[in-house]
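The values are calculated or read from the model by the stated rules, or taken from the named source; none is laboratory data. For clarity, every value in this text was computed on a predicted model and none was experimentally measured. For neighbour counting, all protein chains shown are included, and Cβ atoms are generated from backbone atoms with ideal geometry for every residue, glycine included. Note: accessible area is taken over every heavy atom of the protein model, side chains too, but ligands, DNA and RNA are not part of it. Shrake-Rupley method; radii C 1.70, N 1.55, O 1.52, S 1.80 Å.
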Amino acid sequence: MKNESNRINRTIVVICGPTAVGKTEFAIRVAEDFGGEIVSCDSMQLYQYLDIGSAKPTPEEQARAKHYLVGEIDPREPFSAAEYRTRARAAIEYIFSCGKLPIVAGGTGLYLNSLLYDMDFSAPPRNDGFRDELYRIAEENGTEYLYNLLRSKDPAAADRIHPHNIRKVVRALEILESGSPLKDISRDLQRTKDYRVILTGLMRERRVLYDRINHRVDLLMEAGLENEVRSLLNMGLTLDDISMKGIGYKEIIEYLNGEYPLEEAVRLIKRNTRRFAKRQMTWFRRYKDMKWFNISEYASADECVRALESYIQSELKKYETEINRDGI
């Protein structure tokens, strides 16, 4: 497959899905079989030192396929979706220049949007993390919570926006935070023409996914998540840092601050991660051209990988036919 995929010009493969579904292994398998390299689309794995709680790919996994935007950012520094877009697109261009297939893998919807659409980051909020923080609030508490926040600040603006249109709700709050007057934010996002996209999603039967989430949290605790958080706090990080607001980190910090016992922290991490996975699925289902693969419907993960790769191969062939036909 490697030689054939390398002939395809400016095509990227996206493998997304909820947390704990198995994206890392699937992306690595695809990278190995198609001669690709992986661009992470995960808002926590990009930080240095956040290895356990972010379920970062292990050194052994990263040795199987080169990863970009994994462990590259200092968690003490602010980071935004705009900066992610710049770095991820640079990585994609570099992979193209090497004649390889870029594979974008992860579960952060805002970051994925920044690669799929021509998003306007020209009017940022007063701090680079504000927009990301709004999406994190929505992921943790639901879109309705964010919509009510907008209504409390500008009822007239809220009346013009559908409560479920999170993009417009976030944009309105962002503009209000900057002190600028609200203008028309109804323009639809346009898909980028910088590259072709093969958009795929992984899912599992809900009970299976939730069991995997609960089991993974137990494994993260056994691997030393509490000590990792203690080390980060010793570096001067606090809950005020965006990097520490991720699920797993904030609950352990609150436990260390004496707000509840460790058992409650673990329970909250599991509950919040399950809720997060549900909201991720809600986000990803908005993509009308997503090709879904329900791993639970296959006899084994290997069989699902083969189905995923067969689909990718067929899409690459289709694009190659278009290129040859149009002389691109």
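The table below lists the values:
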item	result
Residue within the stretch 253-263 that is touching a residue at least 12 places away in the same chain (Cβ under 8 Å), open to solvent by less than 40 Å² (accessible area, probe 1.4 Å) and at negative phi present	yes
Residue match in the stretch 272-280 (condition: open to solvent by 50 Å² or more (accessible area, probe 1.4 Å), free of Cβ contacts under 8 Å to residues at least 40 places away in the same chain and farther than 21 Å from Val104 by Cα)	no
Subset of the stretch 247-277 (residues that are closer than 11 Å to Thr19 by Cβ and not hydrophobic (A, V, I, L, M, F, W, C))	Gly248, Asn272, Thr273, Arg274, Arg275
Test: residue in the stretch 83-97 that is outside any helix (DSSP H, G or I) and out of contact with any Lys or Arg (no Cβ under 6 Å at 6 or more places or on another chain)	no
Residue list for the stretch 16-37, restricted to those being open to solvent by 10 Å² or more (accessible area, probe 1.4 Å) and part of a helix (DSSP H, G or I)	Lys23, Thr24, Glu25, Arg29, Glu32, Asp33
Odd one out for Leu237 among (1) under 24 Å from Gly22 (Cα atoms); (2) out of contact with any Phe, Trp or Tyr (no Cβ under 6 Å at 6 or more places or on another chain); (3) buried (at least 19 other Cβ atoms within 10 Å of the Cβ)	(1)
Some residue of the stretch 257-269 being at pLDDT 95 or above and closer than 20 Å to Gln45 by Cβ	yes
Boolean, Gly142 is over 15 Å from the mean Cα position of the chain (by Cα), at pLDDT below 85 and closer than 23 Å to Ala277 by Cβ	yes
Residues satisfying the stated conditions in the stretch 302-313, i.e. in contact (Cβ under 8 Å) with a residue 40 or more places away in the chain and either hydroxyl-bearing (Ser, Thr, Tyr) or exposed (fewer than 15 other Cβ atoms within 10 Å of the Cβ) (or both)	Tyr311
Glu177, sole failed condition from (1) open to solvent by 10 Å² or more (accessible area, probe 1.4 Å); (2) at pLDDT 95 or above; (3) assigned to a helix (DSSP H, G or I)	(2)
Enumeration of residues in the stretch 38-64 that are acidic (Asp, Glu) and surrounded by fewer than 20 Cβ atoms within 10 Å (Cβ to Cβ)	Asp51, Glu60, Glu61
Where Arg196 falls short, out of the listed (1) in contact with a Ser or Thr (Cβ under 6 Å, 6 or more places away or on another chain); (2) open to solvent by less than 40 Å² (accessible area, probe 1.4 Å)	(2)
Condition broken by Leu110, with the remaining ones in (1) of a type outside the set (Lys, Arg); (2) modelled with pLDDT of 95 or more; (3) buried (at least 23 other Cβ atoms within 10 Å of the Cβ) satisfied	(2)
Residue that is nearest to Glu32 (Cα to Cα), among those in the stretch 65-84 that are surrounded by fewer than 16 Cβ atoms within 10 Å (Cβ to Cβ) and at pLDDT 95 or above	Glu72
Condition check for Tyr311: in a helix (DSSP H, G or I) and of a type in the set (Ser, Thr, Tyr)	yes
Enumeration of residues in the stretch 160-174 that are in a helix (DSSP H, G or I) and open to solvent by less than 20 Å² (accessible area, probe 1.4 Å)	Ile166, Val169, Val170, Ala172, Leu173, Glu174
Matching residues in the stretch 85-94 - criterion: being out of contact with any Pro (no Cβ under 7 Å at 6 or more places or on another chain) and open to solvent by less than 30 Å² (accessible area, probe 1.4 Å)	Ala88, Ala91
Residue count, the stretch 299-308 (criterion: more than 24 Å from the chain's Cα centre (by Cα) and either in a helix (DSSP H, G or I) or hydroxyl-bearing (Ser, Thr, Tyr) (or both))	2
In the stretch 148-159, the residues that are open to solvent by 20 Å² or more (accessible area, probe 1.4 Å) and without any contact (Cβ under 8 Å) to a residue 24 or more places away in the chain	Asn148, Arg151, Ser152, Lys153, Pro155, Ala156, Asp159
